[in-house]
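S.K.: Before we start, here is the structure in question, set down as structure tokens.
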Ligand SMILES: [Fe+2]
């Protein structure tokens, strides 16, 4: 069962991966056939690895660039592989020999890397941050994190990311009340995503507004930039001044509302998940449109995105029977969003910065009396991929499984 005690293998094969792949479990049994390898683990789990996947993921310097660590192996240029032998070496790692037409190749896989790529293990890890739908009871559980803890302590930013992924909303307190300070908070995660409103925008009442946000009107619950094919992922909203009458912020978990709609009116849910609606923003300098469904699910029916913004809804043309059904379905979802049982009401105070998932949590505000004082917020957007990357970098430095 054991391969040669090659000294080069004593630290385990490098897997062309910056992420640590640590596991307390060892390989205790091995079976192979031409189509793959089946491993038994010390905790009783069994993992099957297919020959195509194993060969494609070889990490040797012929198959991965030795510095960039990116794949250089091009499977379409090689004959289909078969496994001709497989062994566990003296370090407990896997060595597999492949035959591909006239060629043979040997690949080595660290047991920690194999364990983290076991299908069930991958699914379990993804579940660490499964979204937890919420209603107005979130007010008691809303995660509030001190700005200096977030900026300076890995555990602070980890808590922020975890709350954002699980609840889709998280609040920072004690942010220095300085214009553009939200950009510093954003850059803790990654680069800011600009839009047609710039790198960031000031939410103030303007005499000649080009968007509803720049008025003192109330804003129905909505997602931002619904008129973009890829709306921004995460919105940051920073309160600099707030002493007007009114202007409280409102949030609702679109996933929770959509799930309740699916439970109570499957027909309306299915229509909103399949029938595109046009969204449009236009001013003197641009006309940006897209068509998309209000509700987006993956193939398994899991909610992926809510897209709803009344003032950006374009003049979508529907056949008459669909038109009546669509107005009814949108109306149903909208009335549910207005139900106080789903709404989180917050009075953002100066120095507070709220972040929320723009594909899940809708936001709005009560009207305010512009002449009664000052209200000044600043907003910007960041990318989900950068949020996830921060989490992986924290795991990497902590030595957790990648
Ligand atoms: Fe908005």
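S.K.: How many nm separate the modelled label positions at residue 75 and residue 372, each set 7 Å beyond the Cα in the direction of the Cβ?
M.R.: 6.3
S.K.: Here's another thing I want to ask about it. Counting only C-alpha contacts under 8 Å and six or more residues apart, can you give the relative contact order of the range 219-331 as a whole percent?
M.R.: Here the relative contact order equals 31 percent.
S.K.: Now, a different point. Relative to the longest principal axis of the chain, what angle (0 to 90°, nearest 10) does the C-alpha long axis of helix 254-264 take?
M.R.: 90
S.K.: If the range 70-155 were replaced by its equivalent ellipsoid, with semi-axes equal to the square roots of 5 times the Cα gyration tensor eigenvalues, what would those be, largest first, whole Å?
M.R.: Semi-axes (√(5λ), whole Å): 46, 16, 15.
S.K.: Next up: For a quick check, take a GNM of the chain with Cα springs below 10 Å and name the residue from 160, 53, 334 with the largest mean-square fluctuation.
M.R.: 53
S.K.: Additional query: Multiply the residue separation of residue 293 and residue 106 by 0.36 nm, subtract the distance between their alpha-carbon atoms, and state the gained length in nm to one decimal.
M.R.: 62.5 nm
S.K.: Relative contact order (percent) for the chain, with alpha-carbon contacts under 8 angstrom and 6 or more residues of separation?
M.R.: 22
S.K.: Another question about this same structure. Rank-order 163-176, 133-146 by packing density, defined as the average count of other C-beta atoms within 10 Å over each peptide's residues, highest first.
M.R.: Order by mean packing, descending: 163-176, 133-146.
S.K.: How large is the helix-only mean residue ellipticity at 222 nm for the chain, computed as the sum of -39500 (n - 2.57) over DSSP H runs with n ≥ 4, divided by its residue count, in deg cm²/dmol to the nearest 500?
M.R.: -7500 deg cm²/dmol
S.K.: State the extension gain, in nm to one decimal, for the chain segment bounded by residue 29 and residue 241, taking 0.36 nm per residue of separation less the distance between their alpha-carbons.
M.R.: Roughly 69.9 nm would be gained on extension.
S.K.: What FRET efficiency would be calculated for the residue pair residue 339, residue 152, taking the C-beta separation as r and a Förster radius of 56 Å, to the nearest 0.05?
M.R.: Efficiency computed from Cβ-Cβ geometry: 0.90.
S.K.: Translational diffusion coefficient of the range 104-252 at 25 °C, 0.890 mPa s, Stokes-Einstein with Kirkwood Rh over Cα pairs, in µm²/s as a whole number.
M.R.: In µm²/s, the coefficient is 131.
S.K.: Rounded to the nearest 0.05, what FRET efficiency is calculated for residue 282 and residue 90 with R0 set to 56 Å and r the Cβ-Cβ distance?
M.R.: Here the calculated transfer efficiency is 0.25.
S.K.: Could you work out the percent of alpha carbon pairs in the range 241-299 separated by over 17 Å, rounded to a whole number?
M.R.: That tail contains 61 percent of the Cα-Cα pairs.
S.K.: Whole Å is fine, so just give me how far the alpha carbon centre of the range 233-302 lies from that of the range 123-193.
M.R.: Centre-to-centre distance over Cα atoms comes out at 20 Å.
S.K.: Oh, and also: For the range 307-402, what mean projected area does the convex hull of the alpha carbons give, in nm²?
M.R.: 11.1
S.K.: Something else about it: I need the per residue convex hull volume for the range 244-379, using only the alpha carbons, in cubic angstrom as a whole number.
M.R.: 143
S.K.: Just to compare against my own numbers: the Cα pair-distance distribution for the chain, 20 Å bins, whole % per bin, please.
M.R.: 23, 43, 28, 6, 0
S.K.: While we're on this one: Give the calculated FRET efficiency between residue 388 and residue 302 to the nearest 0.05, with a Förster radius of 22 Å applied to their Cβ-Cβ distance.
M.R.: The pair residue 388/residue 302 has a calculated efficiency of 0.80.
S.K.: Next question, about the same structure. Over the range 279-387, calculate the relative contact order: mean separation of alpha carbon pairs under 8 Å at least 6 apart, over the residue count, as a percent.
M.R.: Here the relative contact order equals 18 percent.
Bear in mind these aren't lab numbers, they're just calculated from the coordinates by the rules spelled out. Note that this is a predicted model, so its numbers are computed, not measured. In this analysis, Cβ positions are derived from the backbone assuming ideal geometry, glycine residues included, and neighbour counts consider all displayed protein chains.
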